[in-house]
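Structure first, commentary second.
Nothing in this text is a laboratory measurement; each read-out follows from the coordinates by a stated rule. Fair warning: this is a prediction, and the values are worked out from it, not measured in the lab. Note: ideal-geometry Cβ built from the backbone for every residue, glycine included; neighbour counts use all protein chains shown.
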Amino acid sequence: MNKRNKSFIYAMAIGLMIVVIFLGFLSSFTNPVSWLLITGLLLIPFFYKKSEQSNIIKWKDEYSVGITHIDQDHKKLINLLNQFTTAYDHAMSEDFEKKALEELVDYTVYHFKREEKLMQENDYPDFVVHQAKHQEMITQVSMFVDLYNEKGHDALKDISEYLSVWLINHINGTDKEYSQYLNDRGVN
């Protein structure tokens, strides 16, 4: 169930409770059912927030690779991924979903080129392997984009899940492998 539908159900429940409370108070101001429902109304925001499973990724210091502009790129990628995930979670317009996906893909390609240039300039020994991982990810995302163009909104969940897992694993895995090498060469 997407968040829009869940919010609608909560709103309907709140509306129904308000009507029952009002009718209960019409019969008697001391009606215990009305007071119980008021208590329930006050607890709904708590339950709603508790039921929300946020897919938003927050930057953690442990994601840092120790190279300022690469960390800034990674933060921007996380922000763009969060925008895309929000577009999916809240079933926003097709234009917003497409724009969020395009921005994420475009910035990812830009970031990969910057990262690869930095590795080449510093003769990183595992450059070819790292570049191949980038290419593999771009190929996978291209297939997801094709799937999105075919199926629309229904394809976004797979894209969001794949990118969320891939990005954090890539930063904490292969990107951390080059960071010490580049730091030793004076790249910060």
Along principal axes, largest first, the alpha-carbon spread of the range 109-188 in whole Å comes out as 47, 18, 18
For the range 61-184, averaging the sequence separation of alpha carbon pairs under 8 Å that lie six or more residues apart and dividing by its residue count, the contact order in percent is 39
With the label point 7 Å along the Cα-to-beta-carbon line of Y107 and a cut-off under 16 Å to each amide N, the hits in the range 169-185 are 171
Any residue on another chain or 5+ positions along whose placed amide H is under 5 Å from the amide H of V65 is listed here as D71
1/(1 + (r/R0)^6) with r = Cβ-Cβ of N31 and K6, R0 = 35 Å, i.e. FRET efficiency to nearest 0.05, evaluates to 0.70
Note: N172 to E150 extended length (0.36 nm per residue) minus current alpha-carbon separation gives 4.7 nm
Extension length gain for L42 and I56 (0.36 nm per residue less Cα distance), in nm, is 2.4 nm
Whole-Hz Karplus couplings 3J(HN,Hα) for the range 65-73, θ = phi - 60° and coefficients 6.51, -1.76, 1.60, Gly and Pro as x, run 9, x, 10, 3, 6, 6, 4, 5, 4
Under the 7 Å Cα-to-Cβ spin-label approximation, M143 and N183 lie apart by a distance in nanometres of 3.5
With the chain reduced to its Cα atoms and the Debye formula applied, log10 I(q)/I(0) at q = 0.08, 0.14 1/Å amounts to -0.41, -0.83
So the compactness index of the range 3-51, its C-alpha Rg divided by 2.2 N^0.38 Å, takes the value 1.25
XL table K151/K176; K6/K60; K117/K176; K6/K176; K99/K176; K76/K133; Cα-Cα > 28 Å flagged, in table order, is K151/K176; K6/K60; K6/K176; K99/K176
Quick note on Y124, Y162, ordering by fewest other C-beta atoms within 10 Å, gives Y162, Y124
